[in-house]
Each structure stands twice: as structure tokens, then as C-alpha cells.
Amino acid sequence: MGIELVRIDDRLIHGQIVMAWCKTMPIERIVVIDDEVALDFIRKMLLETVAPPGINVSVLNVIQGVESLKTDTFAEEKLLLLATNPTTILNLVENGLAISKVNIGGMSFSQGKTPVTKAVSISDTDKQAFKELHEHGIDLQIQLLPHDIPLDLMLEIN
């Protein structure tokens, strides 16, 4: 299995994923890991239909994601791993998934969140999860598009 990109983006599969990331990387499967989305049949079906042609989509809850990524389920494919929040990524890491870098795309502003950049707002829970990911030695980069210069998230939130 080759995880080409691990990305946090609460919009999941959208224009930036389809038109930019999947075209600049050898992605064969998008794996969405989110407990709520995995239970929502309509949202799952929608995500499967908006993927670029030739790219498969799997929508899994965290437990399914850990099992699938630690076994040979996707062994022969190049993966884009998508989650809506850092807590999901932290759960994967704490359950043994080796991740060295996380790309942070859109994290929408809402009540209780603090803007970090124009496109990234985080809650206290998000901030704590990011700190724990950083303690695991994971590089946390804000980067909306492949040609953008990545920003070190930890420099932005400290």
C-alpha cells in the first residue's frame, strides 16, 4: 500500500481534490475515514460519484479504516487518505498506522473555532489533537493546492 497523501479537509472530495491533488499525484483510490459519513448512505453515494474517473472511493469508519490500512486490503493501490478532522488522524496513528506528514486543507470556521489562516479554523479539540500528532513526530502542513507553499501548522498555532 502506498499512502501518497494524508489530508484533513472537512469538504472531503471537492474541486481541489479532483482538479488539483488527484491530477498531480498517482492516486488510484480515495479512502475517506469518518464515523459520521460512513453511516450516511446518501453522503457515501455522493462521494463515490464525484470522484475523478478511474479513481475508486472507499468510505470507512475509523475502525474499518484502521483494519483496512493495516492489512493488505489496499496493498496494490496508491491512496489519498481523507479525514474531516485531526482527531480521526490521531486515532489512526494511535492504532498503529504509520503517518509521517499530514496535509491540512479546508477546516471551516464555525462557532467555537479560531481562524488560523483564511481556510483553516480550529477548535480547542482540534488544537489538542494537532499537538499530539506533532508529539508523534508528524509534519503538519497547511497547503490548499499542490503549488502553494506549505505552512507549518505548529508555527501558526503556537
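The values are calculated or read from the model by the stated rules, or taken from the named source; none is laboratory data. All values reported here derive from a predicted model rather than from experimental measurement. Counting neighbours? That spans all protein chains shown, and the Cβs are built from the backbone with ideal geometry, glycine included.
Within segment 30-43, not a single residue is in contact (Cβ under 8 Å) with a residue 40 or more places away in the chain, assigned to a helix (DSSP H, G or I), within 12 Å of the chain's Cα centre (by Cα) and buried (at least 16 other Cβ atoms within 10 Å of the Cβ). Of the numbered conditions (1) under 30 Å from Glu135 (Cα atoms); (2) surrounded by 14 or more Cβ atoms within 10 Å (Cβ to Cβ); (3) small (Gly, Ala, Ser), Ala75 fails exactly one; give the number of that condition. Unmet for Ala75, out of (1) under 30 Å from Glu135 (Cα atoms); (2) surrounded by 14 or more Cβ atoms within 10 Å (Cβ to Cβ); (3) small (Gly, Ala, Ser): (2). Could you please let me know if Gln64 is within 28 Å of Ser123 (Cα to Cα), modelled with pLDDT under 90, outside any strand (DSSP E or B) and of a type in the set (S, T, N, Q)? No; evaluated as a whole, the condition is false for this residue. The residues of segment 101-117 that are crowded, with 17+ Cβ neighbours inside 10 Å, in contact (Cβ under 8 Å) with a residue 40 or more places away in the chain and under 18 Å from Leu90 (Cβ atoms), listed by number, are Val102, Asn103, Ile104, Gly105, Met107, Val116. From the list Lys113, Lys127, the one residue that fits, being within 23 Å of His14 (Cβ to Cβ) and of a type outside the set (Ser, Thr, Tyr), is Lys113.
May I ask you to verify whether Phe130 is part of a helix (DSSP H, G or I) and touching a strand residue (DSSP E or B) at 6+ places or on another chain (Cβ under 7 Å)? Answer is yes for this residue. Can you tell me which residue is surrounded by the fewest Cβ atoms within 10 Å (Cβ to Cβ) among those in segment 145-157 that are in contact with a strand residue (DSSP E or B) (Cβ under 9 Å, 6 or more places away or on another chain) and within 23 Å of Met25 (Cβ to Cβ)? For segment 145-157, the residue satisfying everything is Asp148. Residues in segment 144-157 that are touching a helix residue (DSSP H, G or I) at 6+ places or on another chain (Cβ under 9 Å) and over 16 Å from Gln16 (Cβ atoms): Leu153, Met154, Ile157.
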